[in-house]
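Report on the structure given below.
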């Protein structure tokens, strides 16, 4: 069943994966599945413990959303379960997510799925213009949060700038480049540092300071 799913649903769309992450369930430890992944797909088979929190978190999160949608579906009496699941998946894939600034379908395929019934509406602008406006509206909340963060950082800096003197011990918000270079205090690679480790001020300049690590 798992091999068939990979063959019919994954490979035609995405090709052979670099690796397959799974737990030690019976479907994943048989020689047939192991040979298929290693020899046919030429991929790595990676095993994780059951309910491994970072193993498949994004997928498990979407599953919870689908479970809620299935439970609240209004037409349980008139449809078979596969049809209800199909409807819920379509709704999920076509719904904007504030954390990614787009719909899941648009991130994968470059555009939103066309929903049944929308063809009865007359579109006053071109599809290109519509997609541009949609992206602007979806990305605005993310941009607003980034601007808010920038403003907070600016206020913190301006409020503390006068009190910084040679010998002071300070930390500062890391840039994106620095966040990639700094190791998080927990040593976990899945986390990224936000602020620097404490630094001592060596010299204050007009709009900057010279620091040295403690």
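The values are calculated or read from the model by the stated rules, or taken from the named source; none is laboratory data. From a predicted model like this one, the values you see are computed outputs, not experimental measurements. When we count neighbours, we look across all protein chains shown, and the Cβ atoms used for this are built from the backbone with ideal geometry, even at glycine.
Given the options 159, 190, name the one that is at pLDDT below 75 and outside the structural domain of residue 211 (by TED's automatic domain parsing).
Details: 190 fails: outside the structural domain of residue 211 (by TED's automatic domain parsing).
Every option except 159 fails the conditions.
Out of 2, 20, I need the residue that is more than 21 Å from the chain's Cα centre (by Cα) and surrounded by 13 or more Cβ atoms within 10 Å (Cβ to Cβ). Which one? Full working, then the answer.
Numbers: 20 fails: more than 21 Å from the chain's Cα centre (by Cα).
Just one listed residue meets the conditions, 2.
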